[in-house]
1. When you go through Gly99, Gly123, Gly94, Gly113 one by one, which is the residue that is touching a strand residue (DSSP E or B) at 6+ places or on another chain (Cβ under 7 Å) and not basic (Lys, Arg)?
2. So the check is Cβ under 7 Å with 6+ separation or different chains; which pairs have a first residue in the stretch 158-187 that's touching a residue at least 60 places away in the same chain (Cβ under 8 Å) and a second one that's open to solvent by less than 30 Å² (accessible area, probe 1.4 Å) and aromatic (Phe, Trp, Tyr)?
3. Taking the stated definitions as given, is Lys199 free of Cβ contacts under 8 Å to residues at least 40 places away in the same chain and within 24 Å of Lys232 (Cα to Cα)?
4. Any residue in the stretch 233-247 that's within 13 Å of Ile192 (Cα to Cα): show its pairings with residues that are aromatic (Phe, Trp, Tyr) and open to solvent by 50 Å² or more (accessible area, probe 1.4 Å) at Cβ separation under 8 Å, as long as the two are six or more apart or on different chains.
5. Can you tell me how many residues in the stretch 86-97 are without any contact (Cβ under 8 Å) to a residue 60 or more places away in the chain and within 13 Å of Glu114 (Cβ to Cβ)?
6. All but one of (1) within 12 Å of Val62 (Cα to Cα); (2) among the aliphatic types (A, V, I, L, M); (3) open to solvent by less than 20 Å² (accessible area, probe 1.4 Å) hold for Ala93, so report the exception by its number.
7. Test Asn314 against the criterion of being open to solvent by 30 Å² or more (accessible area, probe 1.4 Å) and under 25 Å from Ala283 (Cα atoms), and give yes or no.
8. Which number in (1) more than 22 Å from Ala13 (Cα to Cα); (2) open to solvent by 10 Å² or more (accessible area, probe 1.4 Å) marks the one condition that Tyr304 misses?
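The values are calculated or read from the model by the stated rules, or taken from the named source; none is laboratory data. Keep in mind it's a predicted model, so treat the numbers as computed, not measured. Glycine also receives a Cβ, built like all others from the backbone with ideal geometry; neighbour counts cover every protein chain displayed. Heads up: the accessible areas ignore ligands, DNA and RNA and are worked out on the full protein's heavy atoms, side chains in. Shrake-Rupley method; radii C 1.70, N 1.55, O 1.52, S 1.80 Å.
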Amino acid sequence: MKKCIVISDSFKASLGSIEICEIAEKTILDIYPECEVISLPVADGGEGTVDCFLHALQGERVVTKAHGPYMEEMKVTYAKITNTVIIEMSSCAGLPLVGERKNPSLTTTYGVGEQIYHAVKNGATNIILGLGGSATNDCGCGCAAALGVEFRDSEGREFLPTGGNLSKIAHIDTTKAKELLKGVKLTAMCDIDNPMFGKTGAAHIFGPQKGADMAMVRMLDNELKAIDKTIKKELNIHVSQVPGAGAAGAMGAGVMAFLGAELKPGIETVLDIVDFDEKLKGADIVFTGEGKIDSQSMRGKVVYGVATRAKKHNVPVVAIVGDVDDDAYEVYDIGVSAIFSINRIATPFEIAKTRSNKDYANTLRDILKFMQVIIK
């Protein structure tokens, strides 16, 4: 084996993407010391996305200030690679930031917009926004307001909308934001395809984990329906049913409607930025993976994105994962050559996660040893 690529998602609550790549590289070089190992840790847009890009592309870590979910001032970090900036919305609007104060009717994405503003003012022309892990349900209105979008009530008074008062928006003016973002490409990456509202929308599916009881879920859903009507009336834009519109408290819909962003599956965006297709040239094999491989892996997850691209270049793909569901095997149809679980002994997850790094290394070592036998 002369060249291989390691490109894995994290194993939730067990192994991070960067750690997986480090373990894999060391294990591969122990057995194939002359092999060129390309390590590409990836994340889907949530927590860890910035660190993965910085590790893969050796970019610059930019530290600035922004406002958190309850408008508290905080330090945030984003990645800059030449004129491209990668921002995690969860860095200042994420669920861990609110602690016990979970209330998606009050939290805001304002700080996300502040980060975008800072990046644009410092020369960024290509902004990648990771959607995921939010504590919010404000349809991205806070983010838009920080970038100059004006939201006014029926009496013409400007205010900052949150998840609980979106129905008060009567007028939307995006003029200032359009001027600010002229010449800037904004891409929002996510790995879900939920619509803006409804039984599979932002409030019903993700509201409870953000602290909403069923009464609040229904209220939040109605607020999203209300702002969708206003968006159609004021901007003549229809975004509610776009796959991913419900991401990050319907921020997917908001960044499309207010900021002209393009919504893309996270893994496709990542693969484009790291120039994955070019790196595939001359590769003998790709090692990928995620915490659990199942039918959901076919819906734009890391394994799916990696395998479909590798297949076009006739490069075999081995998926090293935590769990393998009974419905996982359709991934063979899209380019995965083999699946291996790192769960080597029957043990509860609370114990298994403490030995995941060793189990991953040993599983990969077994695969490589077998490859030595069959590939001369």
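1. Working: Gly99 fails: touching a strand residue (DSSP E or B) at 6+ places or on another chain (Cβ under 7 Å); Gly123 fails: touching a strand residue (DSSP E or B) at 6+ places or on another chain (Cβ under 7 Å); Gly113 fails: touching a strand residue (DSSP E or B) at 6+ places or on another chain (Cβ under 7 Å).
Being touching a strand residue (DSSP E or B) at 6+ places or on another chain (Cβ under 7 Å) and not basic (Lys, Arg) holds for just one of Gly99, Gly123, Gly94, Gly113, which is Gly94.
2. Pairs that qualify, where the first residue is touching a residue at least 60 places away in the same chain (Cβ under 8 Å) and the partner is open to solvent by less than 30 Å² (accessible area, probe 1.4 Å) and aromatic (Phe, Trp, Tyr), are Pro161/Phe151; Ile169/Phe151; Ile172/Phe151; Thr174/Phe258; Ala177/Phe258.
3. Working: free of Cβ contacts under 8 Å to residues at least 40 places away in the same chain: yes; within 24 Å of Lys232 (Cα to Cα): yes.
Against the criterion (free of Cβ contacts under 8 Å to residues at least 40 places away in the same chain and within 24 Å of Lys232 (Cα to Cα)), Lys199 qualifies.
4. none
5. The number of residues fulfilling the criteria is 3.
6. (1)
7. Values: open to solvent by 30 Å² or more (accessible area, probe 1.4 Å): yes; under 25 Å from Ala283 (Cα atoms): yes.
Here the answer is yes, as Asn314 does meet what is asked.
8. Tyr304 satisfies every listed condition except (1).
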